[in-house]
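See below for the structure under consideration.
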Amino acid sequence: MGRGMCSASLVALGFALLVCSAMVSAETYVVGDSKGWGLSVSYDSWSNGKPFAAGDTIVFNFLAGVHNAVAVGASEYQSCKVRSAADSAAMASGTAKFDLKKGVNYFICGVPGHCAAGMKLRVVAN
């Protein structure tokens with residue numbers, strides 16, 4: 001009888017863990033909400049107060065051929081310069097999705113002048 005109770009307890013515990021892990025699902029955020037990724041949004045204001053977490057998805061919607069979205073490092077974010085032309089062209093399809101990593105995540109528009117005009121986003125994921 002002891003083994004049966006132990007097995008039933010393990011099954012119940014496994015089920016509880018499964019249910020709890022399903023409840024802690026990643027969120028998806030659309031950058032700029034309905035305005036998207038463009039020159040008319042304050043991305044610092046947009047991101048302020050959002051509870052970003054590692055594993056969340058961030059989606060950039062933009063005019064293909066006009067803008068792009070590039071994940072960059074801190075120095076590229078600060079300088080507004082993408083190191084590789086291949087990187088800047090990589091997400092020029094009109095929609096780009098990135099999974100956030102724990103810590104600071106940086107994104108810019110790699111089209112010359114756009115980052116300096118405000119198309120840059122810094123997101124801290126817990």
- Query: Of all residues in segment 47-88, which are free of Cβ contacts under 8 Å to residues at least 24 places away in the same chain and of a type in the set (A, V, I, L, M, F, W, C)?
  - Reply: Ala85, Ala86
- Just one of Asp44, Asp99 is open to solvent by 70 Å² or more (accessible area, probe 1.4 Å), farther than 13 Å from His114 by Cβ, at pLDDT below 95 and among the acidic types (Asp, Glu); which is it? Asp44
- Scanning segment 23-33 residue by residue, the ones that are modelled with pLDDT of 95 or more and surrounded by fewer than 16 Cβ atoms within 10 Å (Cβ to Cβ) total 3
- Message: If I filter segment 55-77 down to residues being more than 17 Å from the chain's Cα centre (by Cα) and surrounded by 13 or more Cβ atoms within 10 Å (Cβ to Cβ), which single residue comes out as modelled with the highest pLDDT?
- Response: Glu76
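Say whether the condition of being at pLDDT below 95 and either open to solvent by less than 60 Å² (accessible area, probe 1.4 Å) or in a loop (DSSP other than H, G, I, E, B) (or both) is met by at least one residue in segment 114-125.
There is no residue in segment 114-125 that is at pLDDT below 95 and either open to solvent by less than 60 Å² (accessible area, probe 1.4 Å) or in a loop (DSSP other than H, G, I, E, B) (or both).
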- Note on the structure: Of Phe60, Phe52, the only residue that is within 21 Å of Ser25 (Cα to Cα), touching a His at 6+ places or on another chain (Cβ under 9 Å) and not charged (D, E, K, R) is Phe60
- Query: Do we have Phe107 as under 18 Å from Ser34 (Cα atoms) and either surrounded by 19 or more Cβ atoms within 10 Å (Cβ to Cβ) or at pLDDT 95 or above (or both) here?
  - Reply: no
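The values are calculated or read from the model by the stated rules, or taken from the named source; none is laboratory data. Values in this document were obtained by computation on a predicted structure and should not be read as measured data. Please note: Cβ atoms are built from the backbone with ideal geometry, for glycine as well, and neighbour counts cover all protein chains shown. Note: areas computed on protein heavy atoms with side chains; ligands, DNA, RNA excluded. Shrake-Rupley method; radii C 1.70, N 1.55, O 1.52, S 1.80 Å.
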